[in-house]
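All remarks here apply to the structure that follows.
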Amino acid sequence: MSVNGREIDPRLPPAPSLPSPPCSGAEAASSSRCSPLPPPPPPPLSTAPYPPPPDHSYTLGAASSPLPAASSPASPQQPGCSWRSTSSAPAAPASHLRRPISAAAPAISPNPTSFAVEDYLVETCGLARPQALEASAKLSHLKSPANPDAVLAFLAGLGLSGADVAAVIARDPKFLCAGVDKGLSPIVAGLSGLGLSHSEIARLLLQSPNNFRSRSIVPKLQYYLRLFRSSERLLRAINFNTALLAYKSKVELNVAFLRQCGFGDGDIAKLCSSIPRMVTANMERVRTMVALTEGLGVPRGSGMFRHALSAVAFRDEKHIAAKVDHLKKTLGWSDAEVGIALPKAPFLLAKSSESLQHSSEFLMSEVGLEPADIAQQPVTLCYSLEGRMKPRYYVVKFLKKNGLLKHDPSYYTVFKETEKYFVGKFIYPHKEAAPHLAEDYAASCGGEVPTRFKFT
């Protein structure tokens with residue numbers, strides 16, 4: 001066998017392959033011997049400052065020629081190219097080699113789009129567009145939804161519904177700016193420590209969100225829970241008067257004055273529950289109320305003083321005089337009879353003129369009571385006419401007409417006693433003699449007048 005003009009013994013082993021010489025430029029373009037050179041894996045990127053770039057030359061290399069080890073970061077090379085440095089200095093990447101690093105970083109807009117607060121309030125918080133427009137004016141400083149999102153998650157954790165959340169934000173837009181970890185969560189922990197349940201805390205938040213996000217709410221609630229003796233009574237009072245959470249110092253002054261007037265803590269708690277605005281009023285206003293109460297003839301320290309104070313609360317002297325004149329005209333009372341009636345039933349001053357008119361007509365025309373009798377038992381005028389006095393009067397009249405009563409009861413007793421006492425005394429004992437009596441009584445309490453209760 002001849003190879004390149006020389007005879008080769010076929011019995012000899014094949015000679016080892018020698019490296020091929022580098023391809024010339026023309027040869028690389030035309031010969032299939034020159035295959036593309038695979039690029040080496042890039043070394044780790046260096047964070048050291050780049051040195052000035054040395055002079056580099058790029059030449060085509062043979063496919064079988066080994067590449068020198070790179071001493072600096074290199075970019076992926078074009079197929080069939082090898083990179084060779086003509087300088088002994090460490091190789092540094094050209095500016096275009098740094099482009100992939102900067103491309104991986106977040107793009108920064110020279111004019112970033114601002115946070116659309118109004119749209120967020122509508123789409124995320126559930127506010128109506130007019131509400132959002134008004135609320136967004138108080139949130140113009142917000143640049144990101146991060147804190148509002150955390151607040152919404154906090155509210156959801158308390159169990160507030162979407163409608164509740166919308167109500168809170170509409171009432172207090174700045175609630176979205178409250179800190180959760182350092183503000184709202186410690187407040188919830190403090191209120192829980194006072195014994196409030198999560199549902200009660202959520203109820204408190206709904207009643208007064210702007211006061212809720214103040215850390216002072218915890219010591220305020222601690223004071224009020226001792227005063228009201230019940231979280232339920234306290235929450236009811238706050239529902240009627242959220243100023244309780246804003247004016248604790250004023251409340252403390254008024255409570256101290258009421259104690260001087262002979263009120264115990266239990267009476268003050270009931271007074272605060274029935275008229276929460278009284279304890280947040282100015283001290284002079286409270287003093288005037290106490291003076292008007294004493295003017296009715298109700299002494300301090302008596303059992304009726306709290307009721308009398310409730311009756312005259314936030315009424316001036318002129319209004320009270322007009323109510324007294326109406327009592328005289330409607331019931332035919334003298335000044336002396338008024339003086340007897342009001343200390344016993346000061347809440348007559350809170351009854352409407354129409355209610356007093358109907359009750360007095362029934363008691364005098366149908367029951368047959370005299371004005372002086374009513375003055376001695378004036379609380380009778382305060383009972384429900386349709387739901388209490390008329391049904392009981394019909395039962396007693398039916399029993400008397402059918403001879404089922406041994407003696408005539410006092411109508412004052414009939415109207416005064418509890419429902420349980422009345423039914424046990426005047427209905428159950430006669431269920432055999434009058435089997436329909438309980439049914440007729442229930443119907444009359446509902447506003448009907450049964451046939452058996454129609455007397456001629």
Exercise. Name the single residue, out of those in the range 382-432 being touching a residue at least 40 places away in the same chain (Cβ under 8 Å) and more than 19 Å from G446 (Cβ to Cβ), that is surrounded by the most Cβ atoms within 10 Å (Cβ to Cβ).
Key: Y411
Quiz item: Out of the residues in the range 256-265 that are part of a helix (DSSP H, G or I) and in contact with a helix residue (DSSP H, G or I) (Cβ under 9 Å, 6 or more places away or on another chain), which is nearest to E294 (Cα to Cα)?
Solution: L258
Practice problem: Tell me, yes or no, whether the range 155-162 has at least one residue that is of a type outside the set (D, E), over 14 Å from the mean Cα position of the chain (by Cα), at pLDDT below 95 and open to solvent by less than 50 Å² (accessible area, probe 1.4 Å). | Solution: no
Self-check item: Elements of type helices (runs of 4 or more DSSP H) contained in the range 149-221, each with 3 or more residues being under 24 Å from T124 (Cα atoms) and not β-branched (V, I, T)
Solution: 162-171, 198-207, 209-212
Quiz prompt | the range 439-449 - residue that is in a loop (DSSP other than H, G, I, E, B) and without any contact (Cβ under 8 Å) to a residue 24 or more places away in the chain and, of those, surrounded by the most Cβ atoms within 10 Å (Cβ to Cβ) | solution = E448
Quiz item: Applying the selection to the range 182-192, what residues are open to solvent by 40 Å² or more (accessible area, probe 1.4 Å) and modelled with pLDDT of 95 or more?
Solution: S185, P186, A189, S192
Practice problem: Inspect the range 130-139 for any residue being open to solvent by less than 50 Å² (accessible area, probe 1.4 Å) and either under 20 Å from L234 (Cβ atoms) or part of a loop (DSSP other than H, G, I, E, B) (or both) and give the result as yes or no. | Solution: yes
Quiz prompt | Some residue of the range 344-356 being within 18 Å of P299 (Cα to Cα) and open to solvent by 40 Å² or more (accessible area, probe 1.4 Å) | solution = yes
Exercise. Might you let me know whether the range 197-218 holds any residue that is open to solvent by less than 10 Å² (accessible area, probe 1.4 Å), more than 27 Å from K138 (Cβ to Cβ) and modelled with pLDDT under 95?
Key: no
Self-check item: Hits in the range 305-323 - residues which are of a type in the set (A, V, I, L, M, F, W, C), surrounded by fewer than 19 Cβ atoms within 10 Å (Cβ to Cβ) and more than 36 Å from the chain's Cα centre (by Cα)
Solution: I320, A321, A322
Quiz prompt | So R452, is it in contact (Cβ under 8 Å) with a residue 24 or more places away in the chain, open to solvent by 50 Å² or more (accessible area, probe 1.4 Å), under 20 Å from L363 (Cα atoms) and of a type in the set (D, E, K, R) | solution = no
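A quick yes/no check of all residues on (1) at pLDDT 90 or above; (2) more than 23 Å from S274 (Cα to Cα):
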site	(1), (2)
M304	no, no
A313	no, no
E317	no, no
H326	yes, yes
A341	yes, no
Q357	yes, yes
F362	yes, yes
Self-check item: Qualifying residues in the range 222-255 (those that are among the hydrophobic types (A, V, I, L, M, F, W, C), open to solvent by 30 Å² or more (accessible area, probe 1.4 Å) and not in a loop (DSSP other than H, G, I, E, B)) - the one modelled with the lowest pLDDT
Solution: F240
Quiz item: Any chance the range 263-272 includes a residue that's closer than 18 Å to F240 by Cα, in contact with a Phe, Trp or Tyr (Cβ under 8 Å, 6 or more places away or on another chain) and open to solvent by 30 Å² or more (accessible area, probe 1.4 Å)?
Solution: no
Quiz item: Are any residues in the range 269-328 closer than 16 Å to L258 by Cα and among the basic types (K, R), and if so, which ones?
Solution: K270, R277, R285, R287, R300, R306
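The values are calculated or read from the model by the stated rules, or taken from the named source; none is laboratory data. Being a predicted model, the structure only gives us computed values, none of them experimental. Heads up, the Cβs are rebuilt from the backbone with ideal geometry, glycines too, and the neighbour counts pull from every protein chain shown. Calculation scope for accessible area: heavy atoms of the full protein, side chains included, ligands and nucleic acids excluded. Shrake-Rupley method; radii C 1.70, N 1.55, O 1.52, S 1.80 Å.
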